[in-house]
Amino acid sequence: MRAATKRVLLAISTTGSDGHARLAGIYRWLGEGHDWDEIILRTRADFTVHTIENLVRYGLDGAIVSIPYNHDAGKLLVEARLPIVVMTNALTEQFPADRPNTAFSLLDNVAIGRAAAAHFRTLGRFAAYAYLHDARTSDWSNDRLSGFSSMHPDCLVFSGHRESDNTIDRLNRKELINFISGLPHPAALLAANDIIAEQVLSVCRELAIRVPDDLSVLGVDNDVTTCTASRPAISSIEPDFNEAGYRAASTLDSLMNCRKPRKWSKRPGVARIIRRESTKPLAPATKLVLDALAFIDANVFSNISAADVINHLRVSRSLSNLRFRELTGSSIGETLKKRRLAECERLLRTTDWSFHRISDAVGYSNPDVLRNLFRAHHGIGPTRWRVRAEER
């Protein structure tokens, strides 16, 4: 005797590409010879107390949910004695740990962050890396940061406020402007999602920051409408929503038929990275300068000279200084002096070291050379400067 067709609720928002992909994954599973009677709620407005009451009253065998729903309607669904598969981190706290017949089909957001970091590495070495949280600093956003920072541990992180209480995803513009304007160039920025990436590009237009020359921007979700309508078009990571939908359907079927769900080896991660206009490989000149800066950072206090930096780059002195001045506004020699003077000031202010010891620590074997540079820059010698710094 053929088993009765299961009546299943699919509460999946289709306002974005992610919902369409999740549904496609569910229907991919159904297309393998399975049969459900599906009831689809496509928006939060559809997810009402009245709707859920009626569905439960007239018979519902299971549900797959990815809409961050109305609290009262959601509570009815949580309390209903039916199998449920949850597909979004935003709902995990709604379900008690001891609720029976509950499973989760979530994305590997750490893997998404790592994929973003790896993508930027294929483009070249940037002067800075940055991550922008969503306005709620959600768990999934924290996971994406975790993956990203595992490859770029010094990345700068923005955790801003909402523009207003009525906007869920829109970040406070003043805070965003302050953060983006402070990034050194060229920088690589991962936004928690495409909506935030679009806000970044809007700020860049206001600040006359060139994307992707000054700032490479990568979003997540591959929301095609948002990405292609933006100026420039947004490069984006497309999570494997389709596979997550497929696994959700398989898991729910097992729960509804009192079978143990299949154990997957790992969560769905990245389906693909769509490259558009907001990212591109760094120009050879940019790579040259970033290589020079990295060498300077590693050796600036080791008595190196501009000639040592140029020998490391293996290009001519004239080309090295030309490219370096184009991107930084200073020559290689000037950059070495500025870094060493800044460190000298720090040591004068925070230690009681002799000037001879400080000179040796910042890369000058002859303290008179440093003393003359210091006096030319500040107008007074290091001893008087230290006294004034202590008085302040």
* Structure fact -> Assertion target for Val220, Val49, ordered by fewest C-beta neighbours within 10 angstrom first, is Val49, Val220
* **Option label - P(r) over Cα pairs in 10 Å bins from 0, in percent computed here, alternatives (1) 4, 21, 30, 28, 14, 3, 0; (2) 5, 22, 30, 21, 12, 7, 3, 1; (3) 4, 19, 22, 19, 14, 9, 7, 4, 1, 0** => (3)
* Asked: Taking other Cβ within 10 Å of each residue's Cβ, how do Ile234, Ile196 sort, fewest first?
  -> Ile196, Ile234
* What relative contact order, as a whole-number percentage, does the chain give when Cα pairs under 8 Å and 6 or more residues apart are counted? -> 14
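Using only the Cα atoms of region 109-239, build the gyration tensor, take square roots of its eigenvalues as a ≥ b ≥ c, and label the shape rounded, prolate or oblate: rounded if a/c is under 1.5, else prolate if a/b is larger than b/c, else oblate. Show your work: numbers first, answer last.
On the way: a/c = 1.27, a/b = 1.10, b/c = 1.16.
Rounded, since a/c falls under 1.5.
Would you list Ser235, Ser365 from fewest to most Cβ contacts within 10 Å?
Working: Ser235 25, Ser365 9.
Ranking Ser235, Ser365 by Cβ neighbours within 10 Å, fewest first, gives Ser365, Ser235.
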* Asked: Ranked highest first by the average count of other Cβ atoms within 10 Å around their residues, in what order do 237-247, 377-387, 206-216 fall?
  -> 237-247, 206-216, 377-387
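Kindly provide the helix-only [θ] at 222 nm of the chain, computed as the sum of -39,500 (n - 2.57) over DSSP H runs of four or more divided by all residues, to the nearest 500 deg cm²/dmol?
Working: 16 runs with 189 residues, N = 392.
Taken over the chain, the calculation gives -15000 deg cm²/dmol.
Each reported figure results from applying straightforward, stated rules to the coordinates on display, with no laboratory input. Predicted model, so just to flag it, every value in this text is computed and none were measured. Note that each Cβ is placed from the backbone with ideal geometry, even for glycine, and that neighbours are counted across all protein chains shown.
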